[in-house]
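What follows is a set of notes on a single structure, which appears directly below.
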Amino acid sequence: MAHISDSAARTARDLRVVFSRLRRRIREVAQDSDLTPPQESALSLVGKHGAATASALAAAEGVRPQSMATTLAALDQHGLIRRAPDPDDGRRQLVTLTEAGRARVEGNKQLREEWLARAFEDRYTEEERQTVLKALELLERLSRP
């Protein structure tokens, strides 16, 4: 393996830690006490990807199909998802959000964005916010193939 500078290794480590903490904090902001984190995650996934099978959702979340089935059953009991036969394969069901599910996903998204914007407004100067924006431009390169 090629040599990795101390600064690159430290940056990678520190960035991973900060992103993990920030992601956890953002999740906490809109987390409703009546849903578990896996249920919140699955609900967001359905909202993001639209109609999907339980097995596709399980694969996307990296969980066993049985675990996803349990998660979806709970979301169904809360009236947040609906299941309908797959028009291409009647043996499978497609999962979509109900109006209540869509409202919850959108509400959570808005709460998270508002919390983050307020945190930047309250905790950073304009100059610091501009520095963060410049850093994000640089970090964008990491997300490219």
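The values are calculated or read from the model by the stated rules, or taken from the named source; none is laboratory data. This is a predicted model, so every value here is computed, not measured. Neighbour counts run over all protein chains shown; Cβ positions are idealised from the backbone, glycine included. Side chains are part of the model used for accessible areas, which takes the heavy atoms of the whole protein and leaves out ligands, DNA and RNA. Shrake-Rupley method; radii C 1.70, N 1.55, O 1.52, S 1.80 Å.
Could you look through segment 1-13, keep only residues that are open to solvent by less than 90 Å² (accessible area, probe 1.4 Å), in a helix (DSSP H, G or I) and not polar (S, T, N, Q), and pick out the one that is farthest from E140 (Cα to Cα)?
The selected residue is A9.
Among the residues examined, R16 qualifies as in a helix (DSSP H, G or I), open to solvent by 60 Å² or more (accessible area, probe 1.4 Å), over 30 Å from A73 (Cβ atoms) and at pLDDT 90 or above. Please indicate, with yes or no, whether at least one residue in segment 89-99 is over 25 Å from L15 (Cα atoms) and assigned to a helix (DSSP H, G or I). So far as segment 89-99 goes, yes, one or more of its residues are over 25 Å from L15 (Cα atoms) and assigned to a helix (DSSP H, G or I). The residue pairs whose first member lies in segment 108-121 and is touching a residue at least 24 places away in the same chain (Cβ under 8 Å) and within 22 Å of K48 (Cα to Cα), whose second member is open to solvent by less than 100 Å² (accessible area, probe 1.4 Å) and part of a helix (DSSP H, G or I), and whose beta carbons are closer than 6 Å, counting only pairs six or more residues apart or on different chains, are N108/A30; L111/V29; L111/A30; R112/I26; R112/V29; R112/A30; W115/V29. Of all residues in segment 67-80, one or more are in contact with a helix residue (DSSP H, G or I) (Cβ under 7 Å, 6 or more places away or on another chain), surrounded by 14 or more Cβ atoms within 10 Å (Cβ to Cβ) and not in a helix (DSSP H, G or I).
Can you confirm whether segment 49-59 contains a residue that is part of a helix (DSSP H, G or I), in contact (Cβ under 8 Å) with a residue 40 or more places away in the chain, within 22 Å of A103 (Cα to Cα) and among the aliphatic types (A, V, I, L, M)? Checked against the condition, which is being part of a helix (DSSP H, G or I), in contact (Cβ under 8 Å) with a residue 40 or more places away in the chain, within 22 Å of A103 (Cα to Cα) and among the aliphatic types (A, V, I, L, M), segment 49-59 yields at least one hit. Evaluate the following for V29: is it touching a residue at least 24 places away in the same chain (Cβ under 8 Å), over 15 Å from L80 (Cβ atoms) and either open to solvent by 60 Å² or more (accessible area, probe 1.4 Å) or assigned to a helix (DSSP H, G or I) (or both)? Against the criterion (touching a residue at least 24 places away in the same chain (Cβ under 8 Å), over 15 Å from L80 (Cβ atoms) and either open to solvent by 60 Å² or more (accessible area, probe 1.4 Å) or assigned to a helix (DSSP H, G or I) (or both)), V29 qualifies.
If I ask for residues that are open to solvent by 100 Å² or more (accessible area, probe 1.4 Å) and under 15 Å from the mean Cα position of the chain (by Cα), which ones from segment 107-133 would you list? Within segment 107-133, K109, Q110, E113 meet the criteria.
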